[in-house]
Amino acid sequence: MSSPESFQGVAAVLAGSTRSSISSLFSLTGRVALVTGGGRGIGLEIALAFAEAGAVVYCLDKPTEPGKDWLTVQKHVGQLPAPEGGKDSKGPSLSYLHGDVTDQKAMWKIVDDIVAKENRIDVCFANAGILQEYNCLEYPAEEFQKVMNVNVNGVLFTAQAVGRHMERLGIPGSIIMTASMSGTITNPRRSWVAYNTSKSAVLQMARSMACELAPKGIRVNALSPGYILTNMTRDFLDSNPELWTDWKGQNPSGRIGRPDELRGAALWLASDASTFCTGSDIRVDGGQTAW
């Protein structure tokens, strides 16, 4: 029979538990997370959210050294309060790793090293991805393959690298894959056949791996952003100013989303607040796929 401490919400109250319910559900204290594409943009935003929730976070990206924004965020994380449990309790942290998600063996080795140091891995945010635009009838084979290598193979290799240790250590971990609303719909007036195809593949990968890994207690879900105003997106829109109004008008909310508006959904998927959610696609797109 379950102890009162294993209950949450009303069941916990009725069982006489004094355990704090809702705040503990979203805590990542004592957990270790890997975020790919974590040097900037959405990846850095989610890495910060995980750290603020108490996690030890490793950000992996392709540049050999992190940029100014990442270093500023790392400094902020270093000033976060230590968790309850005294000065010896390991607090949140942010570390940078250089790596290529398309290199399967290298990704496995990177995570092997993380686990050797931390003795665990609890959360994977497979976020690294690229976007190119070519006419679908003229798309160069090597460029199409480049998108698939990063956006599909890279996500698989990252999930494998983390999932192998979750299975070995018996950790009921959470693997989150960054898909896109573009995996479900086609972006109006954009020639993104490779990107759209790759994100649709990520959605099916998440569903397939979720069903395969659920008996091991490992959850796999996709997070699908809509148009989000990262620095990269802003540069693209500034080069194509007519798209500012176009993109805002494509969703019922009438605006482009902010990176921080993905934090809640990502933290929910990473934490114990979503323990019965696997094989799902969480869309954060201002309602664009609801039209």
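A few remarks follow.
- Within segment 248-267, the set of residues being over 21 Å from Arg40 (Cα atoms) and hydrophobic (A, V, I, L, M, F, W, C) is empty.
- Flag for Gln79 being within 20 Å of Lys199 (Cα to Cα) and of a type outside the set (Lys, Arg): no
For every residue, the table says whether it meets (1) surrounded by 23 or more Cβ atoms within 10 Å (Cβ to Cβ); (2) of a type in the set (S, T, N, Q); (3) modelled with pLDDT under 95.
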position: Lys117; (1), (2), (3): no, no, no
position: Cys136; (1), (2), (3): no, no, no
position: Gly154; (1), (2), (3): yes, no, no
position: Gln160; (1), (2), (3): no, yes, no
position: Gly173; (1), (2), (3): yes, no, no
position: Arg190; (1), (2), (3): no, no, no
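- Met181 vs. criteria more than 22 Å from Pro259 (Cα to Cα), in contact with a Pro (Cβ under 9 Å, 6 or more places away or on another chain) and among the aliphatic types (A, V, I, L, M): no
- Residue list for segment 167-188, restricted to those being in contact with a strand residue (DSSP E or B) (Cβ under 8 Å, 6 or more places away or on another chain) and more than 23 Å from Ile130 (Cβ to Cβ): Pro172, Gly173, Ser174
- Sole exception among (1) part of a loop (DSSP other than H, G, I, E, B); (2) without any contact (Cβ under 8 Å) to a residue 60 or more places away in the chain for Ile121, by number: (2)
- Residues of segment 39-54 classified as surrounded by 24 or more Cβ atoms within 10 Å (Cβ to Cβ), over 14 Å from Ile228 (Cα atoms), touching a Phe, Trp or Tyr at 6+ places or on another chain (Cβ under 8 Å) and among the aliphatic types (A, V, I, L, M), total: 1
- When Leu223, Leu169 are screened for being at pLDDT 95 or above and either surrounded by fewer than 17 Cβ atoms within 10 Å (Cβ to Cβ) or more than 24 Å from Asp260 (Cα to Cα) (or both), only Leu169 passes.
- Where helices (runs of 4 or more DSSP H) sit wholly within segment 223-287, those with at least 1 residues that are acidic (Asp, Glu) occupy 231-239, 242-248.
- Residues of segment 62-107 that turn out to be among the acidic types (Asp, Glu), modelled with pLDDT of 95 or more and either surrounded by 13 or more Cβ atoms within 10 Å (Cβ to Cβ) or touching a Ser or Thr at 6+ places or on another chain (Cβ under 9 Å) (or both), as a count: 3
- Yes/no for Ile171 being closer than 23 Å to Lys216 by Cβ and touching a His at 6+ places or on another chain (Cβ under 9 Å): yes
- Only a single item in (1) closer than 28 Å to Ser174 by Cα; (2) surrounded by 15 or more Cβ atoms within 10 Å (Cβ to Cβ) is not met by Leu237, and it is number (1).
- When every residue of segment 27-36 is checked against the conditions, none turns out to be more than 21 Å from Phe157 (Cβ to Cβ) and either under 12 Å from the mean Cα position of the chain (by Cα) or free of Cβ contacts under 8 Å to residues at least 40 places away in the same chain (or both).
- Conditions (1) more than 30 Å from Trp192 (Cβ to Cβ); (2) crowded, with 20+ Cβ neighbours inside 10 Å; (3) out of contact with any Phe, Trp or Tyr (no Cβ under 8 Å at 6 or more places or on another chain); number of the one not met by Ala128: (1)
- Every residue from segment 124-144 that is under 23 Å from Val35 (Cα atoms) and not in a loop (DSSP other than H, G, I, E, B): Cys124, Phe125, Ala126
The values are calculated or read from the model by the stated rules, or taken from the named source; none is laboratory data. What you are looking at is a predicted structure, and each value in this text was computed from that prediction instead of being measured. Don't worry about glycine lacking a Cβ; one is built from the backbone with ideal geometry, like all the others, and counts go over all protein chains shown.
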